[in-house]
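Single-structure report; data block below.
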Amino acid sequence: MARSLAIAELIQQIPSLRAGDDLLLNGTLFTARDAAHKRLAQLIADKQPLPLQLANTAIYYCGPAPARPGDAVGPCGPTTSARMDPYTPLLLSQGVRITIGKGKRSAAITDACRTYQALYCVATGGVAALLSRKVTRSEIVAFADLGPEAIWRFEVADFPVTVALDSQGNNVFELSTNR
Amino acid sequence: MRIIPAATITETIARLCQQANYFLPFDVEDALIEASQKEGSPRAREILTQISGNANVARERSIALCQDTGIAEIFVNLGQEVHIDGEILQDAVNKGVARGYAMGYLRTSIVADPLDRVNTNDNTPAQLTLVIVPGDRIEITVLPKGGGTENASALRMFPPSAGWPGIVEFVLETVREKGINACPPLVVGVGIGGSFSAVGKLAKLALLRPVGSVPAAGAYAARERELLDAINALGIGPMGLGGRTTALAVHIEHAPCHIACLPVAIAMNCHSMRRMTETI
């Protein structure tokens, strides 16, 4: 049975959460995908100020489709997380505590989740219309020129995810294929 | 000779781009329901239920099934008796894609240069496959193809000695290594034969066949079944979280090829097997 909890509570509970736990998230997610990661990494390397505070944030790998007038957000499912792997240890070192996407990641991310006491969660890919109903508010917070790759702030209510990598090195994909 | 205005092609493609992104084809929906009934894993069943629920939300609200509304793969079967009046076909097609994506609240996912990576902001250019056919009609199919599934696709030039066993191993290896990132349950299009450039197209054409349909060449029906059973025995399951349903279908298209070659391509598609066809 999925547990509903606020992002702040989730961050406090990271040490006790395990791969395979089903969660319903409430609070703020920041979207970022390929181009936004590249820019954030460059700003960090150049010691430039960032357009958002990364400490204790949850990053959602997503480039939403445009919203119809009156909708809180457009269709917004997860994209493949592995493409963000080269940037993830750096972002976790800057305080990001949760990443959300879809699919397996490299061994370096398992290690980084242990090192930085972070979680990687997966949402169901390809159900973007359904997930858009779990977002109550959205706005662009940075890199608007990147179009669909801009960074958005999403306020979510009971957004369904499963813990894929926990802070102890467990991996849901190994659990599910080693049955 | 029949004269068809280029503007008619543009309007048709604009409409198809929207419909293809909002409506999951019935054959795919039926296959998902059937798969759900056979699933033993509660998590797998839950994911399949989400996918069916998503199709309902997208259809009712006319919003995209997936935020990745794809690169627009356009297949045009152009009757030889047709004269297109106005701009050239490629321009009419691209105009239709740009209009459909803007009007339909669909994401623009194309960058102009593969290394500079600046978004064209209208999802053009489209990928156009043109075939001249007998008659005075134009049949147009739009297949929005997601980036995750493109990255999970593969092409290999085998020696003829590799034969069918080599192909089976290649398909299973590709699904095992890349399948999870293509949002299973998958539809797997396999192209065999042709040439290096033709075989990728064959694999894409294989995706156009309805799920549950049987290929024209009898021997290939058994081969498709063999591959589907082998893929589903991998246990990857919906979204890679375990289960019996790793693929809904495997479709093979084949073509004559060189005596030295056995080209094989795998066009991976996700459960959101979007495609829509209209005839002018």
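Taken together, the values in this text are just the output of simple stated rules run on the coordinates, not laboratory data. None of the values given here were measured: they were computed from a predicted structure. Note: ideal-geometry Cβ built from the backbone for every residue, glycine included; neighbour counts use all protein chains shown.
Of note:
- Dipole of the range B:176-280 computed with +1 at Lys/Arg Cβ and -1 at Asp/Glu Cβ about the Cα centre; of B:Ala230, B:Ile280, B:Ala198, farthest Cα towards the positive end is B:Ile280.
- Cleavage-rule hits (GluC sites (Glu not before Pro)) in the range B:7-93: DSSP loop, at most 16 neighbouring Cβ within 10 angstrom: B:Glu81, B:Glu87
- Shape parameters for the range A:61-123, alpha-carbon atoms, Rg then Dmax in Å: 13.6, 43
- Three semi-axes of the equivalent ellipsoid, the range A:17-110, Cα gyration tensor, whole Å, largest first: 22, 19, 13
- Based on DSSP H segments of at least four residues, each scored -39500 (n - 2.57), chain A has a per-residue ellipticity at 222 nm of -6500 deg cm²/dmol.
- Across q = 0.08, 0.10 Å⁻¹, the protein assembly as shown modelled as identical point scatterers on its alpha-carbon atoms has Debye log10 I(q)/I(0) values of -0.46, -0.73, in the order of the q list.
- When chain B is treated as a GNM with alpha-carbon contacts under 10 Å, the residue of B:Ile110, B:Ile231, B:Ile13 showing the greatest mean-square fluctuation is B:Ile110.
- FRET efficiency, 1/(1 + (r/R0)^6) with R0 45 Å, evaluated for B:Phe196 and B:Thr279 via beta carbons: 0.90
- Projected label distance in nm at A:Gln117 and A:Ala45, using a 7 Å step from Cα toward the beta-carbon: 3.0 nm
- Judged by the ratio a/c of the largest to the smallest principal axis of the C-alpha gyration tensor, the range B:148-273 counts as prolate, that ratio being 1.5 or greater while a/b is larger than b/c.
- Seen from every direction in turn and averaged, the convex hull around the alpha carbons of chain B projects onto 15.3 nm².
- Cα-centred dipole magnitude for the range B:148-273, charges only on beta-carbon of K, R (+1) and D, E (-1), debye, nearest 20: 140 debye
- Disulfide-incompatible cysteines by the Cβ rule (no partner under 4.7 Å) in chain B: B:Cys17, B:Cys66, B:Cys257, B:Cys261
- On the beta carbon distance between A:Leu175 and B:Asp136, with R0 = 60 Å, the FRET formula returns roughly 0.55.
- Positive-pole candidate from A:Leu165, A:Gly20, A:Leu90, dipole of the range A:3-177, charges at beta carbon: A:Leu90
- Count of Lys pairs (Cα-Cα under 22 Å; at least 8 positions apart or interchain) in the protein assembly as shown: 14
- Using the alpha carbons alone, the radius of gyration of the range A:3-177 stands to its Kirkwood radius in an Rg to Rh ratio of 0.94.
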